[in-house]
Amino acid sequence: MNTFAISPCTAVINLGAIKRNYQTMTAHGTMMPVIKSDAYGHGMLPVAAALGEMGARHFAVGIVEEGLALRAAGHDQSIVTLLGGHSQKDMANAYAHCITPLVHSFDSLQRAAACGSAEKPFAVGIKCNTGMTRLGFESAELPALLDALRSLPQLKPVLALSHFACSDMPQEQAYTAQQLRIFAAMSDTLRDAFPEMRRSLANSAATLSHACAYELCRPGIVLYGGNPFYGTEQQALGAGLEWAMSLKTPVLQVREIEAGASVGYGRLFTASRRTRVAVLPVGYADGFARASSAKGKICLHGQLVPQIGRVCMGMIMVDVSSLPAVHEQDEAWILGGAQGGAQGWNAQQWADVWGSIPYEVLCLWGRNKREYYTA
């Protein structure tokens, strides 16, 4: 997977944390861990290897190319591509490498059918729309879908899958229950025709809350430490998960400025007293949201200090007046921290400042170069 080569920032990934998070989830059923989008920025291949060591026999990825990368790395697990095969070439590659694409429309069904044969049917998953209203067949389309599938012996439907829209929102339990009822009806109809089909509906939140199980659960953000119920009355369901990603960068320069001196673009910060300022090489080009200017905290020498001034393309400034020992090339932790050391903010805290979700924080910061360890 591609990572930025333009930044001194390093994402530090604890594979041990991912393994323990996965182990926690296995108590809820059989898992098909979601490692799409380069494992939410953690690196798909190292994460897949770690999960394979824990016994994972199923993976969910986004696109066929991710599945091909897993096969090239020697992974023999069942692989489902959640976005299916968007081209005929994709479908052909999926068929050739025993990757199961989701089909979500009659057009995608025909693309898949063009690849299989009656002697060697193409295993596909059926995406059902139950209320997310993105991809998938509608309930009303099931009779025509079943007719099409019966007329296509070159296809073998092996999975029925849908996705919750708000299972992480306790106040939306009624909508989640409605989606579950719709999926139960749709998957029952499909399994009447194809009894060996497995089902997958539960994402991270639904798995934790036991909203449903079926044959395969699809944990995503929980693998990387995120609690889907953060800030809700059900927050305790995600207690004990461990963040797996930290982000570090070196100090470029430290300078003293006098009261009245301003720092950075737009003079967003003006010193009210003599101030010691450290410059760090991380900015919005490295995934540090400009919208978080002067709102976050950075960990230096085991202490949280405020980021000041406007976030630049490749730099931020930090007030280190309380840390006289900070010098050039010292290690600053934007996210998390060194093993066994003081910790900076986690992805949820940054997401709160960004007005976003930890998924975005991890995917963006995970595109920097990475280091791995297991602890």
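The values are calculated or read from the model by the stated rules, or taken from the named source; none is laboratory data. Everything quoted here is computed from the prediction, not taken from an experiment. Cβ placement follows ideal geometry from the backbone for every residue including glycine, while neighbour counts extend to all protein chains displayed.
Any idea which of (1) free of Cβ contacts under 8 Å to residues at least 40 places away in the same chain; (2) aliphatic (A, V, I, L, M); (3) not in a loop (DSSP other than H, G, I, E, B) is the one Leu364 doesn't satisfy?
Result: Leu364 fails condition (1) only.
Are any residues in the stretch 85-130 within 30 Å of Thr176 (Cα to Cα) and surrounded by fewer than 18 Cβ atoms within 10 Å (Cβ to Cβ), and if so, which ones?
Answer for the stretch 85-130, where residues must be within 30 Å of Thr176 (Cα to Cα) and surrounded by fewer than 18 Cβ atoms within 10 Å (Cβ to Cβ): His86, Ser105, Phe106, Asp107.
Could you grab me the full set of residues in the stretch 71-84 that are surrounded by fewer than 23 Cβ atoms within 10 Å (Cβ to Cβ), of a type in the set (A, V, I, L, M) and touching a strand residue (DSSP E or B) at 6+ places or on another chain (Cβ under 9 Å)?
Start the filter on the stretch 71-84 by keeping residues that are surrounded by fewer than 23 Cβ atoms within 10 Å (Cβ to Cβ), which leaves 71-78, 82-83.
Those left that are additionally of a type in the set (A, V, I, L, M): 72-73, 82-83.
Of everything in the stretch 71-84, those that are surrounded by fewer than 23 Cβ atoms within 10 Å (Cβ to Cβ), of a type in the set (A, V, I, L, M) and touching a strand residue (DSSP E or B) at 6+ places or on another chain (Cβ under 9 Å) turn out to be Leu82, Leu83.
I'm checking my understanding of the structure. Among residues of the stretch 295-314 that are of a type in the set (A, V, I, L, M) and in contact with a strand residue (DSSP E or B) (Cβ under 6 Å, 6 or more places away or on another chain), which one is nearest to Gly266 (Cα to Cα)?
Ile308
Looking at the stretch 5-20, which of its residues are of a type outside the set (A, V, I, L, M) and closer than 18 Å to Met31 by Cα? Reasoning before the result, please.
Within the stretch 5-20, the subset of a type outside the set (A, V, I, L, M) is 7-10, 14, 16, 19-20.
Passing the criteria: Gly16, Lys19, Arg20.
Inspect all residues belonging to the stretch 15-31 and state whether any of them is over 20 Å from Gly240 (Cα atoms), buried (at least 18 other Cβ atoms within 10 Å of the Cβ) and not aromatic (Phe, Trp, Tyr).
no
Within the stretch 182-204, does at least one residue satisfy the condition of being more than 30 Å from Lys19 (Cα to Cα), assigned to a loop (DSSP other than H, G, I, E, B) and without any contact (Cβ under 8 Å) to a residue 24 or more places away in the chain?
Checked the stretch 182-204: at least one residue is more than 30 Å from Lys19 (Cα to Cα), assigned to a loop (DSSP other than H, G, I, E, B) and without any contact (Cβ under 8 Å) to a residue 24 or more places away in the chain.
Answer yes or no: is there a residue in the stretch 359-369 that is at pLDDT 95 or above, under 19 Å from Asp38 (Cβ atoms), out of contact with any Gly (no Cβ under 6 Å at 6 or more places or on another chain) and of a type in the set (Phe, Trp, Tyr).
Yes, the stretch 359-369 contains at least one residue that is at pLDDT 95 or above, under 19 Å from Asp38 (Cβ atoms), out of contact with any Gly (no Cβ under 6 Å at 6 or more places or on another chain) and of a type in the set (Phe, Trp, Tyr).
Has the stretch 90-97 got at least one residue that is among the aromatic types (Phe, Trp, Tyr) and within 28 Å of Ala205 (Cβ to Cβ)? Spell out the reasoning first.
The initial filter retains those residues of the stretch 90-97 that are among the aromatic types (Phe, Trp, Tyr), namely 95.
After this cut, where a residue has to be within 28 Å of Ala205 (Cβ to Cβ) as well, the list is none.
No, every residue in the stretch 90-97 fails to be among the aromatic types (Phe, Trp, Tyr) and within 28 Å of Ala205 (Cβ to Cβ).
Would you confirm, using the coordinates I've provided, whether Ala60 is in contact with a strand residue (DSSP E or B) (Cβ under 7 Å, 6 or more places away or on another chain), surrounded by fewer than 24 Cβ atoms within 10 Å (Cβ to Cβ) and in a strand (DSSP E or B)?
So Ala60 fails the test.
Could you list, ordered by first residue, the pairs with Cβ atoms under 9 Å in which the first is in the stretch 254-272 and acidic (Asp, Glu) and the second is at pLDDT 95 or above and exposed (fewer than 13 other Cβ atoms within 10 Å of the Cβ), at least 6 apart or interchain?
Glu256/Arg274; Glu258/Arg273; Glu258/Arg274
How many residues does the stretch 32-57 contain that are surrounded by fewer than 17 Cβ atoms within 10 Å (Cβ to Cβ) and aromatic (Phe, Trp, Tyr)?
Counting residues in the stretch 32-57 that are surrounded by fewer than 17 Cβ atoms within 10 Å (Cβ to Cβ) and aromatic (Phe, Trp, Tyr) gives 0.
For the stretch 238-286, which positions are out of contact with any strand residue (DSSP E or B) (no Cβ under 9 Å at 6 or more places or on another chain) and part of a helix (DSSP H, G or I)?
Listed by number, the residues that qualify are Gly238, Tyr265, Gly266, Arg267, Tyr284, Ala285.
All but one of (1) in a loop (DSSP other than H, G, I, E, B); (2) in the same structural domain as Leu223 (by TED's automatic domain parsing); (3) touching a strand residue (DSSP E or B) at 6+ places or on another chain (Cβ under 6 Å) hold for Ala94; state the number of the condition that does not hold.
Failed condition: (1).
Among the residues of the stretch 331-367, write down those that are of a type in the set (Gly, Ala, Ser) and buried (at least 23 other Cβ atoms within 10 Å of the Cβ).
Passing the criteria: Ala332, Gly336, Gly344, Ala347, Gly366.
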